[in-house]
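This report concerns only the one structure given below.
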Amino acid sequence: MTSELVMVTGGARSGKSEFAEQYVLHYAPKCDYIATAEILDEEMAERVRLHRARRDARWVNHEAPYHAEETFAKLGADTGCVLFDCLTIYMCNLFYGQNAPEGDFLERCDYVFAEIDKLIAAAKASGKRVVFVTNEVGAGIVPENKMAREYRDLAGWVNQRVAQAADKVFYCVAGQAVDMKKLAFKFED
């Protein structure tokens, strides 16, 4: 199979992760799961526990809060699809985490974009159907603090970058997934 990139986005509790899990299992009886969260507090530990509880023996789990592109080289031949959950947490790790670069906002964004480009290239080279889960964070009010505004802006730009590379983009609302690339306006050449 040639690689297929799919992006699944939506707001909090929109059903995006559940849809993405069903999507990959529809195409393959065994799938890789690339988890990006770092467990830094009890609340995140509980979220990770709930996600893990949904996954059974059909999943091969990989922890990749950093350098996730390297994980694609380690995927087994016995899995058919890859679920990457989640792109916005991965982006946050890159931007604010232990190896985050110094510099102004745009310089740090350039670093994140370069890392996301590596991730996209690795996904395309994998020969598998790869589904990226991400959060839509720009549909609400403008955050009151600078850090939240920067996060929102960077997430929007990263999502656009991955959506551009993706073959399919689904937007989830209230547990319903809509195929955005089918509905998207396209300029005539």
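The values are calculated or read from the model by the stated rules, or taken from the named source; none is laboratory data. None of these values were measured; they are calculated from a predicted model. Note: ideal-geometry Cβ built from the backbone for every residue, glycine included; neighbour counts use all protein chains shown. Heads up: the accessible areas ignore ligands, DNA and RNA and are worked out on the full protein's heavy atoms, side chains in. Shrake-Rupley method; radii C 1.70, N 1.55, O 1.52, S 1.80 Å.
Could you grab me the full set of residues in the range 121-160 that are under 22 Å from ALA28 (Cβ atoms) and of a type in the set (Phe, Trp, Tyr)? Result: PHE132, single match.
For ALA148, state whether it is modelled with pLDDT under 95, open to solvent by 80 Å² or more (accessible area, probe 1.4 Å) and more than 17 Å from PHE84 (Cα to Cα). The answer is no for ALA148. Within the range 75-93, the residues that satisfy the criterion of being surrounded by fewer than 23 Cβ atoms within 10 Å (Cβ to Cβ), among the aliphatic types (A, V, I, L, M) and either in contact (Cβ under 8 Å) with a residue 12 or more places away in the chain or under 14 Å from ILE116 (Cα atoms) (or both) are LEU75, ILE89. Among residues that are in contact (Cβ under 8 Å) with a residue 12 or more places away in the chain, outside any helix (DSSP H, G or I) and of a type in the set (S, T, N, Q), THR2 is included.
I'd like the full set of residues that are among the aliphatic types (A, V, I, L, M) and at pLDDT 90 or above, limited to the range 76-110. If the condition is that a residue be among the aliphatic types (A, V, I, L, M) and at pLDDT 90 or above, then VAL82, LEU83, LEU87, ILE89, MET91, LEU94, LEU106 are the ones that fit. Within the range 27-80, being basic (Lys, Arg) and in a loop (DSSP other than H, G, I, E, B) holds for LYS30, ARG54, ARG55, ARG58, LYS74. Restricting attention to the range 38-64 and to residues that are aliphatic (A, V, I, L, M) and touching a strand residue (DSSP E or B) at 6+ places or on another chain (Cβ under 8 Å), the residue that is most open to solvent (accessible area, probe 1.4 Å) turns out to be VAL60. One residue stands out in the range 118-132 among those that are among the hydrophobic types (A, V, I, L, M, F, W, C) and surrounded by fewer than 24 Cβ atoms within 10 Å (Cβ to Cβ): the one that is farthest from VAL158 (Cα to Cα), namely ALA125.
Scanning the range 100-117 for residues that are within 14 Å of TYR90 (Cα to Cα), assigned to a helix (DSSP H, G or I) and of a type outside the set (D, E, K, R), which turns out most open to solvent (accessible area, probe 1.4 Å)? Among residues in the range 100-117 that are within 14 Å of TYR90 (Cα to Cα), assigned to a helix (DSSP H, G or I) and of a type outside the set (D, E, K, R), the one most open to solvent (accessible area, probe 1.4 Å) is TYR111. Taking the range 151-178 as the range and being surrounded by fewer than 12 Cβ atoms within 10 Å (Cβ to Cβ) and not hydrophobic (A, V, I, L, M, F, W, C) as the test, the residues that pass are GLN160, GLN164.
For the range 142-187, name all the residues that are part of a strand (DSSP E or B), in contact (Cβ under 8 Å) with a residue 40 or more places away in the chain and farther than 16 Å from ILE120 by Cβ. Outline the logic, then answer.
Initially, the range 142-187 is screened for residues part of a strand (DSSP E or B), giving 168-173, 176-179.
Then drop every residue that is not in contact (Cβ under 8 Å) with a residue 40 or more places away in the chain, which leaves 168-173, 176-177.
Listed by number, the residues that qualify are PHE170, TYR171, CYS172, VAL173, GLN176, ALA177.
Out of the residues in the range 25-37 meeting the condition of being farther than 22 Å from GLY97 by Cβ and in contact with a Lys or Arg (Cβ under 7 Å, 6 or more places away or on another chain), tell me which one is surrounded by the fewest Cβ atoms within 10 Å (Cβ to Cβ). Top of the filtered list is PRO29. Is it the case, given these coordinates, that LEU83 is part of a strand (DSSP E or B) and of a type outside the set (Ser, Thr, Tyr)? So LEU83 fits the description; yes.
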